[in-house]
Amino acid sequence: MKNLVVLLWVLLLVSCKSGNRNIIEVANFTGQQVTGVTVSEQGRVFANFPRWRKAVKNSVVEVDKSGQAISYPNKKWNSWTLKAPISDSLFVAVQSVVAFENNLYVLDTRNPLFKGVIGRPRIFVFNLDSNKLIQTYMLSEASFHGDSYINDLRIDKKNKKAYMTDSGHAGLIILDLESGMFKRVLDNHFSTSSELEWLSFDGIKWVNTVHSDGIALDIRKDLLYYHSLTGYSLFAVPTSILINGSELEIHENIEFIKRTPAPDGMIFDSFGNLYLADLEKNRIMRLKASDGKLEVFAEGEKIKWADTFSVYNDELYFTNSRINEATGAIDTMVFTINKIKID
């Protein structure tokens, strides 16, 4: 009996080390390409669908316990269609949703079909008790470009700031959550710029140039990590320098962290480990806080372009946006939100 128990433990350890983890499907969407996912402190799951095609049913949804998607905060907010007038009470081209404390931050690129920014990108903030809009931040003209695609954001409670990446026009953006002032930094800098013009999936080239994309905040060390999507270099910069430093000081304090696989989104867990995808190999990687080593956290057919991550109750949630596969009509394609237990 003892030998059997030992054998089972060995098999379990081997399974975990090889990345063969139990991946649980949370929700699936046919013909609707999901990119963002976030889970609130109360366990509410939200997702978003970018305006990359005409047939977008909803920009933002809440996923209920049965996996059904419900327009959030209501159908009216999600009713915009191409060429229709825009307003401050309609989602146009949402790329990211982030639940932080009791608010939901909805990042609207205002760049539908990647054809250029309409008006100004903005962040809508909804209170999760009332599900009502409580704040709108509109990017200043100096903080974005006509071809900007503001991609992802992280909230810095300590400094009352929000940090964003621009994957359309390389750079980072800092928002003062109290004053509403924006500052753009590292514009066209090598660390925010794409390193490649394509990625490879089973020998097939996915040709694209995507700049600063993934972003993650290490609240223990007060470091902001960022990564271009078409690239293999992970960088970090102290938040104090980002906020208070000159452009030269920011440049001088950028730290090259590590060569990694090409990722999309990134996130830290409560133990200080950083999660990021290996898009080209259907894997999720983990950069360990304990020794700085990069390991395979999970891999396999249930991971297809792990796009965005969220952590709740020691589980890693992620979306499968299948971007390299979605080269034509997506009517019959299934996109999922999954979760994996963190050990």
Task: the range 186-218 - residue that is surrounded by fewer than 16 Cβ atoms within 10 Å (Cβ to Cβ) and among the aliphatic types (A, V, I, L, M) and, of those, farthest from Gly168 (Cα to Cα) - done: Ile204
TODO: Inspect the range 227-234 for any residue being within 19 Å of Pro263 (Cα to Cα), of a type in the set (A, V, I, L, M) and out of contact with any Lys or Arg (no Cβ under 8 Å at 6 or more places or on another chain) and give the result as yes or no.
DONE: yes
- [ ] Name, by its number, the condition in (1) closer than 21 Å to Val311 by Cα; (2) small (Gly, Ala, Ser); (3) over 17 Å from the mean Cα position of the chain (by Cα) that does not hold for Ala47.
- [x] (3)
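Can we say Thr332 is loosely packed, with under 14 Cβ neighbours inside 10 Å and in contact (Cβ under 8 Å) with a residue 24 or more places away in the chain?
Numbers: loosely packed, with under 14 Cβ neighbours inside 10 Å: yes; in contact (Cβ under 8 Å) with a residue 24 or more places away in the chain: yes.
In short, yes.
Can you pull out the residues in the range 206-229 that are farther than 17 Å from Met164 by Cα, β-branched (Val, Ile, Thr) and either assigned to a strand (DSSP E or B) or within 15 Å of the chain's Cα centre (by Cα) (or both)?
Within the range 206-229, Val207 is the sole residue that qualifies.
Since every read-out is calculated from the coordinates, none of them should be taken as a lab result. Given the structure is predicted, the values throughout are model-derived calculations rather than measurements. So basically every Cβ, Gly included, is an ideal-geometry build from the backbone, and we count neighbours across all protein chains shown.
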